[in-house]
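Read through the structure below, which is laid out as structure tokens, and then see the notes.
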Amino acid sequence: MKYTDLIFDLYGTLVDIHTDETDRVWQECASFFAPYGLNISGDELKKRFQDEIKLRESKEGQNYECYPDIPFDEVLTVLLKREGVEIAQSIVEDGAWRFRQKSTEYIRLYPHVREALERLRELGCRLWLLSNAQRVFTTKELEMLGIYDLFDGVYLSSNYGCRKPDKRFYESLICDHNLDVKRCVMIGNDRDTDIAGAKALGMATLYMHTALTPAEQSKADDRLHPVRADVIHFEYEGDDWKDLAPLIEKICK
């Protein structure tokens, strides 16, 4: 096979999701921890959380060479401790998961995703997930959606302190499994993160323009539809994996 390793983004590529972290959600988060001793409002918890994120990002020196990703549950633990709340990590994670559930209006696989992943595995491709995501949220969502076990490895940015397009995040996967970048395809719905980072490493790429692609990014270029054999960058309009999976099969051969 020309390409043996397929690296997938998650949200906007395989999964359709809409979240809204409203003031009500923050208040419910504060209320969750109130029995353990937290005595601040949801508004205050939100403000302190955002301030802590900004502080940590500034210390990391966020720029084009460094894209830090701060774990949600880690920041939550710090804020709780400052208020004198000492609880087990499992309870913090339960509260974080409750926050995610309350802020999620819907989450679902795009059409035919599971069948597509199963088919690509049958063909002998190795499947990897490389997502700018929070472990405390995404691991449970992958299990809930029934696709966690379809990947040969799951890489979530909050575990690595960096995120796409930072080359260090890609290199974590590449080095851990001794992948040949010339035999990898990165598949994602964001030109500036998924695609830009992979291209910088010399990897083949497939850009999907979906409803969750950032609004300022252009639609897929029909001239780069994944039927050509003479390019290493492909583009596809939409999220129909019943149509896309056979196209990926062709470019892999």
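FYI, it's all coordinate maths here, none of it is from the lab. Please read these numbers as outputs of a predicted model, since none were measured by experiment. Don't worry about glycine lacking a Cβ; one is built from the backbone with ideal geometry, like all the others, and counts go over all protein chains shown.
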- [ ] Working only within the range 100-109, note down all residues that are over 18 Å from Glu143 (Cβ atoms) and in contact with a helix residue (DSSP H, G or I) (Cβ under 7 Å, 6 or more places away or on another chain).
- [x] Lys102, Ser103
- [ ] State all residues of the range 156-172 that are more than 14 Å from the chain's Cα centre (by Cα) and touching a residue at least 24 places away in the same chain (Cβ under 8 Å); if no residue qualifies, say none.
- [x] Lys167, Glu171
TODO: Provide a single number: the residues in the range 106-130 that are more than 21 Å from Tyr11 (Cβ to Cβ) and of a type in the set (Phe, Trp, Tyr).
DONE: 0
Task: Residues of the range 71-85 satisfying the condition of being under 29 Å from Ser131 (Cα atoms), among the β-branched types (Val, Ile, Thr) and surrounded by 17 or more Cβ atoms within 10 Å (Cβ to Cβ) - done: Val75, Thr77
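Yes/no per residue for (1) touching a Cys at 6+ places or on another chain (Cβ under 8 Å); (2) in a loop (DSSP other than H, G, I, E, B); (3) crowded, with 16+ Cβ neighbours inside 10 Å:
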| residue | (1), (2), (3) |
| --- | --- |
| Tyr207 | no, no, yes |
| Leu212 | no, yes, yes |
| Ala215 | no, yes, no |
| Arg228 | no, yes, no |
| Asp239 | no, yes, yes |
| Lys242 | no, no, no |
| Ala245 | no, no, yes |
Open item on the list: Against the definition (closer than 13 Å to Tyr3 by Cβ and not acidic (Asp, Glu)), how does Ile195 come out, yes or no?
Closed with: no
TODO: Report the residue count in the range 184-204 for those that are outside any strand (DSSP E or B) and under 14 Å from Tyr236 (Cβ atoms).
DONE: 5
- [ ] State all residues of the range 154-183 that are within 14 Å of Asp69 (Cα to Cα) and not in a helix (DSSP H, G or I); if no residue qualifies, say none.
- [x] Tyr155, Leu156, Tyr160, Gly161, Cys162, Arg163, Lys164, Pro165, Asp166
- [ ] Quick one: which residue in Asp176, Asp194 is of a type in the set (Asp, Glu) and either surrounded by 15 or more Cβ atoms within 10 Å (Cβ to Cβ) or in contact with a Phe, Trp or Tyr (Cβ under 6 Å, 6 or more places away or on another chain) (or both)?
- [x] Asp194
Task: Failed item in (1) surrounded by fewer than 23 Cβ atoms within 10 Å (Cβ to Cβ); (2) in contact (Cβ under 8 Å) with a residue 12 or more places away in the chain, with Met186 passing the rest - done: (1)
- [ ] Determine whether Lys46 is touching a Phe, Trp or Tyr at 6+ places or on another chain (Cβ under 7 Å) and not β-branched (Val, Ile, Thr).
- [x] yes
